[in-house]
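The values are calculated or read from the model by the stated rules, or taken from the named source; none is laboratory data. Only a predicted model underlies this, so the values are computations on that prediction, with no experimental measurement involved. Cβ placement follows ideal geometry from the backbone for every residue including glycine, while neighbour counts extend to all protein chains displayed.
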Amino acid sequence: MFRDIRWRIAIPYILLILVVMTGLAIVLTRTTRNAQLDALQNSLSTQVRALSASIPTALQDPAEENLDTFARSWSQLLEARVTIIGVDGTVLGESDGIREQMNNHLNRPEVQRALATGEGSSSRYSQTLQSEMMYAAVPVIVAGDTVAVARVGLTLEEIESNIDQIQRAILTATVIATLAAVVVAVVIAGRTTRSIQRLTDVAGRMADGDLDARLHLAPRNDLGDLTRAFNYMGDQLRDQVQDLAAERGRLEAILENMADGVLITDELGQVSLLNPAASRLLEVKEKEALGRSFAEIARHHELIETWQGVYNQRQEQMVAVEIGRQKTFVQMIVSPLEITDQQGCLVILQDLTHIRRLETVRRDFISNISHELRTPLAALKALVETLLDGALDDPPAAKRFLTSAENEVDALTQMVEELLELTRIESGMVPLQLAPTPVANVIMPAIDRLRPQANRLDITLTVDLAEGLPPVLSDASRAQQVAGNLLHNAIKFTSAGGEVTVRAKAEDDEAAVLFYVRDTGVGIPAIELPRIFERFYKADQARSSGGTGLGLAIARHLVQAHGGRIWAKSKEGKGSTFYFTLPVANEIVDQDEAGDFTSGAEPNIAAA
Ligand code: ADP
């Protein structure tokens, strides 16, 4: 209770009032009492002298058996107690008490002093009158001899009652002043605390996030400056929080959208931040990862060891590994990170799968092209050597060798031409002559051209065109080239007795025509399927003798240049189906887009 600001203001006042009033009471009581006692003593002194002067006469009066009557008459006169004491201490006359019952008065201090010095006085409690009394005594001298002592006594009750009155007045004043101090304290404290309470309320609202909360400017008083300072602090705080929020927003947007994974681990190795790319690469949900150790979520010993190494050596480290079910090839860079005084780690994860795939493609391309060139060149060299070694002298044999040599050169030429063509198509140097083309016009030339080959190999070739198909918007010769490539492959990879079917039907949304070439041939292993549209790629090198591995790459580029899609499904040993689409001619097609050879999505390829 006394910690309340009202009491803290009131108590010093109250103490001050109490000290002053107590001092005043003591001083007033003392001075009043002394003054009254002095006055009383003087008056007693005068009275007792007058009394003493009349005693000798009374002593000589034979009618006076004792001096009680004398004492009483003087007592009435003086309005005081009158006692006449003999020199031996016997009470000779007494106004207020019963003389016979009174003891010897010789030992009374005033009597002693009167006998010794000629005048004595004293104040004390009178057993006879049951009251506080002041006495004054003088000796009664007759012819130079002390014959008695006269004493006058007055009660001090009046003085005590006067002093009581003064003390009561001071007490009343003290109580009133104390109450006034309390009231003043309550009023002052009320005003101060109201302002402080408002300050506390606004500070509480700001702490709860309401950064626009402000105090009303108080009139110029003690709290005016504090209010201004507080409001200024609020403005600064709001600006800083807004800046921080904007900064944070920017950082979050960067982290959310960047392709690289970013992850931060704290001093204990627990994940404190993880962006969507990192959770995708590590195949873990953000809320499952936060607060857990990196070792638990990385699940790859090389990643964990590298990360651990940075904690031990405080030096940047890097590692590249294949992780997760998706076999993602990830490069991880771990750097020491110091946030305030905590030592954590910053982990950057880069997905290099695509780059590594391109690297593999490039390596395969070089090895394939070398291989493709070496085979006919080695055959040519063998033929030339045979001719030089004497076959020239045998004209029929020489002619046979030269024919073989010419075939090899033709194969080489075809490969180089296909390669050149692919490069030209890829770089957009072959413009398409787009025109509405009947579907039969896309398929039939290839069918007609390859039917004798199918017959020869005992392969049943079936064509199935849906009724009323709309014409497609295509460069007829290029579309025929695609159909021819797929049909040629289908026949090539199907053994005797097999079937090859070519079909065309409208797609569900009727915006394009779907063509497909199905065979019952060798099929393509699932693992090879995603790569068959790459240049030089051959699913099974041993089986695909005679081909260059460029046909499907050319077909893909041509279809994409038409704004279509191409993909394949296959089951090893059961056969394959190759699909491609061409947009229908009555659809509004952007010619520029259709003619852009480099556009078009990656082929959608899936194992059946
Ligand atoms: P190639 O000149 O070797 O036929 P392609 O690019 O046309 O080149 O084909 C690439 C590879 O795809 C082939 O070597 C073969 O392994 C596979 N392939 C293509 N079509 C078929 C098919 N219908 N059946 C089985 N495998 C096929």
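Table for the structure above
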quantity: Any hit, the range 516-527, residues being basic (Lys, Arg), touching a strand residue (DSSP E or B) at 6+ places or on another chain (Cβ under 8 Å) and crowded, with 16+ Cβ neighbours inside 10 Å; calculated: yes
quantity: Residue under evaluation residue 495, criteria (1) in contact with a Leu (Cβ under 7 Å, 6 or more places away or on another chain); (2) closer than 30 Å to residue 376 by Cα; (3) free of Cβ contacts under 8 Å to residues at least 40 places away in the same chain, criterion not met; calculated: (1)
quantity: Top-ranked residue in the range 570-592 [being more than 16 Å from the ligand (Cβ to nearest atom) and part of a loop (DSSP other than H, G, I, E, B); ranked as modelled with the highest pLDDT]; calculated: 585
quantity: Subset of the range 550-569 (residues that are in contact with a strand residue (DSSP E or B) (Cβ under 7 Å, 6 or more places away or on another chain) and assigned to a helix (DSSP H, G or I)); calculated: 555, 556, 559
quantity: Meets criteria (surrounded by 13 or more Cβ atoms within 10 Å (Cβ to Cβ) and at pLDDT 90 or above) for residue 94; calculated: yes
quantity: Residues of the range 126-144 classified as loosely packed, with under 14 Cβ neighbours inside 10 Å and modelled with pLDDT of 90 or more, total; calculated: 0
quantity: Extreme residue, farthest from the chain's Cα centre (by Cα), among residues of the range 555-569 that are more than 12 Å from the ligand (Cβ to nearest atom) and among the hydrophobic types (A, V, I, L, M, F, W, C); calculated: 558
quantity: Search result, residues across the range 485-543 that are near the ligand (Cβ under 9 Å from one of its atoms), part of a loop (DSSP other than H, G, I, E, B) and closer than 20 Å to residue 464 by Cβ; calculated: 494, 521
quantity: Per-region count, the range 316-340, residues out of contact with any strand residue (DSSP E or B) (no Cβ under 7 Å at 6 or more places or on another chain) and at pLDDT 95 or above; calculated: 0
quantity: The listed residue being in a helix (DSSP H, G or I) and either closer than 30 Å to residue 512 by Cα or touching a Cys at 6+ places or on another chain (Cβ under 6 Å) (or both), out of 446, 398, 382, 378; calculated: 446
quantity: Qualifying residue in the range 473-480 (condition: out of contact with any Leu (no Cβ under 6 Å at 6 or more places or on another chain) and either among the β-branched types (Val, Ile, Thr) or not in a helix (DSSP H, G or I) (or both)); calculated: no
quantity: Selection within the range 420-443 - modelled with pLDDT under 85 and either in a helix (DSSP H, G or I) or surrounded by 12 or more Cβ atoms within 10 Å (Cβ to Cβ) (or both); calculated: 421, 422, 423, 424, 425, 426, 428, 430
quantity: Scope the range 180-220; condition modelled with pLDDT of 80 or more and of a type in the set (Ser, Thr, Tyr); matching residues; calculated: 200
quantity: Selection count, the range 164-221, where residues are surrounded by 14 or more Cβ atoms within 10 Å (Cβ to Cβ) and closer than 30 Å to residue 17 by Cα; calculated: 17
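Yes or no, residue by residue, for (1) farther than 30 Å from residue 166 by Cβ; (2) surrounded by fewer than 16 Cβ atoms within 10 Å (Cβ to Cβ):
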| position | (1), (2) |
| --- | --- |
| 21 | no, no |
| 38 | no, yes |
| 46 | no, yes |
| 51 | yes, no |
| 69 | yes, yes |
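Yes/no per residue for (1) hydroxyl-bearing (Ser, Thr, Tyr); (2) in a loop (DSSP other than H, G, I, E, B); (3) in contact with a strand residue (DSSP E or B) (Cβ under 8 Å, 6 or more places away or on another chain):
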residue: 168; (1), (2), (3): no, no, no
residue: 174; (1), (2), (3): yes, no, no
residue: 177; (1), (2), (3): no, no, no
residue: 184; (1), (2), (3): no, no, no
residue: 194; (1), (2), (3): no, no, no
residue: 198; (1), (2), (3): no, no, no
residue: 201; (1), (2), (3): no, no, no
residue: 210; (1), (2), (3): no, yes, no
residue: 232; (1), (2), (3): yes, no, no
